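*Asks:* Quick one: this structure, given as structure tokens, is what I'll be asking you about.
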Amino acid sequence: MHEKHRGHEAMHAEMVLILILSIFVAQVALVQWKKLHFRSYQLATLVAMMLIPVGISLSHQWWRFIISWLIFSLITGFVTFRATRQPLDGSTPRLVYKWFYLLYKISYGLGIVGYIAVMLTLLGMNVLFRAKPTTWMDFGFLCLYYGLYYGVVSRDLAEICTDKMAAKVGYYTTTGLPARHLEAGICSVCGNQLLVSPQNNDEAIIEQTFQLGCGHVFHEFCIRGWCIVGKKQTCPYCREKVDLKRMFKNPYPFCLYLETCFKAKRKVFFVSFEGWNN
């Protein structure tokens, strides 16, 4: 066998060099494509990520991924449909934020679980549980794949939904010039009225407001969805840079949401209790 392939070393080295050069050229081409024509790049990569994995899964009959993909596609399709309607419903920004934030937490959790499973297998911890290393490694890589896949796809879809919602509201434009004047007491993300001012957030029952350095005020969860889910680090109205570290001191916004809901219910309870005693 060795004699049969004698003299092929130069050919093999040439093939490796061609492969490396092709990868380098492809990466440069992709970077330039993304830089010059981001919309077409985003659409092409998103369609490829949505269709190629499910096509491979259908050919191999990997039903677990197909079922999860169908559930993800149906719910995300409904959320995207809501985000592209005109006129935009006032509850849509929160719906988009909650759904994609939930996907973010699930993807992040799957990634951590998969990484821990792989590392424990490499350290031989599976022996303590009398489990085969292949079982743990398969589980770890499966979690890593699901977390990475749905995390990347949901990130791109969240950005598309955010752009569509902003365009439907009518304040934000890609050129940076607002399409219409922002009236006082209106959130430019959802277009609904602000019930409390940032100075009176202690009186807020369900949701507080937040004021950026430029002076524009938004519902707290609207601006959270704009910055965190849509990856927009600028003011939705004037495009001033947003300091996320100063904005979101609490990294768990839904805990804050539950806390505000609890305060509201507690306030209603004490008012009712005092009225009953009187």
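The values are calculated or read from the model by the stated rules, or taken from the named source; none is laboratory data. Because the structure is a prediction, the values reported are computed rather than measured. Positions of Cβ are generated from backbone atoms using ideal geometry, with glycine treated the same way; all protein chains shown enter the neighbour counts. Please note that ligands, DNA and RNA were not included when accessible areas were found on the heavy atoms of the full protein model with its side chains. Shrake-Rupley method; radii C 1.70, N 1.55, O 1.52, S 1.80 Å.
*Asks:* Looking at segment 194-245 only, could you name the residues that are modelled with pLDDT of 75 or more, among the aliphatic types (A, V, I, L, M) and assigned to a helix (DSSP H, G or I)?
*Replies:* Passing the criteria: only I223.
*Asks:* Further question: Can you name the residue in segment 78-125 that is open to solvent by 90 Å² or more (accessible area, probe 1.4 Å) and part of a helix (DSSP H, G or I) and is also farthest from S188 (Cα to Cα) among such residues?
*Replies:* L122
*Asks:* Among the residues of segment 45-57, write down those that are surrounded by 11 or more Cβ atoms within 10 Å (Cβ to Cβ) and farther than 15 Å from E159 by Cα. Can you show your working first?
*Replies:* Step one: list which residues in segment 45-57 are surrounded by 11 or more Cβ atoms within 10 Å (Cβ to Cβ), which gives 45-46, 49-50, 53-54, 56-57.
Passing the criteria: M49, M50, P53, V54, I56, S57.
*Asks:* Is at least one residue of segment 48-64 in a helix (DSSP H, G or I) and either touching a strand residue (DSSP E or B) at 6+ places or on another chain (Cβ under 7 Å) or modelled with pLDDT under 90 (or both)?
*Replies:* Here is the first cut: in segment 48-64, the ones in a helix (DSSP H, G or I) are 48-60, 63-64.
Filter once more, keeping what is either touching a strand residue (DSSP E or B) at 6+ places or on another chain (Cβ under 7 Å) or modelled with pLDDT under 90 (or both): none.
Among the residues of segment 48-64, not one is in a helix (DSSP H, G or I) and either touching a strand residue (DSSP E or B) at 6+ places or on another chain (Cβ under 7 Å) or modelled with pLDDT under 90 (or both), which makes the answer no.
*Asks:* With the condition kept exactly as written, say whether any residue in segment 65-77 is under 30 Å from C187 (Cβ atoms), without any contact (Cβ under 8 Å) to a residue 60 or more places away in the chain, open to solvent by less than 100 Å² (accessible area, probe 1.4 Å) and not in a helix (DSSP H, G or I).
*Replies:* no
*Asks:* Could I ask something else about it? What about L182, is it hydrophobic (A, V, I, L, M, F, W, C) and either in contact with a His (Cβ under 6 Å, 6 or more places away or on another chain) or at pLDDT 85 or above (or both)?
*Replies:* no
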